[in-house]
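The values are calculated or read from the model by the stated rules, or taken from the named source; none is laboratory data. Values in this document were obtained by computation on a predicted structure and should not be read as measured data. Positions of Cβ are backbone-derived with ideal geometry, glycine not excepted, and every protein chain shown enters the neighbour counts. Surface accessibility is based on the protein's heavy atoms, side chains included, excluding ligands, DNA and RNA. Shrake-Rupley method; radii C 1.70, N 1.55, O 1.52, S 1.80 Å.
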Amino acid sequence: MEPETSLKIIDELDDLLEIERDTLLRGDFDGLSRLLQRKEALIDELNLIDSLTRETLNPLHSKVERNQALLDGALQGIRLVASRMAALRRDH
């Protein structure tokens, strides 16, 4: 794969991870599902590039970890709300 193509994929995934972050912060889970297919496709494309170094991928890795932490927090919040609602239904 051409170096320009690799950089284009990296830049596109970087932009997508920023959009994903904003989507997570807004709590837009429908938006997240719309981003997922493109994110998976970009990651698959990156996996085909042999010439990428750890240093090149570190910024992306950091953003993926950041977004995963946001998603984990959101899911934990949803589980807490669901648990609370179930407890309220039991009490009434």
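Annotations for the structure displayed:
- Only one of the listed residues (25, 80, 60) is touching a residue at least 24 places away in the same chain (Cβ under 8 Å) and open to solvent by 80 Å² or more (accessible area, probe 1.4 Å). That residue is 25.
- Taking first residues from the stretch 1-18 that are closer than 13 Å to residue 42 by Cβ and partners that are of a type in the set (S, T, N, Q) and in a helix (DSSP H, G or I), the Cβ contacts under 8 Å between residues at least 6 apart in sequence or on separate chains come to 10/56; 17/67.
- Scanning the stretch 63-77 for residues that are over 11 Å from the mean Cα position of the chain (by Cα) and either open to solvent by 90 Å² or more (accessible area, probe 1.4 Å) or among the basic types (Lys, Arg) (or both) yields a total of 1.
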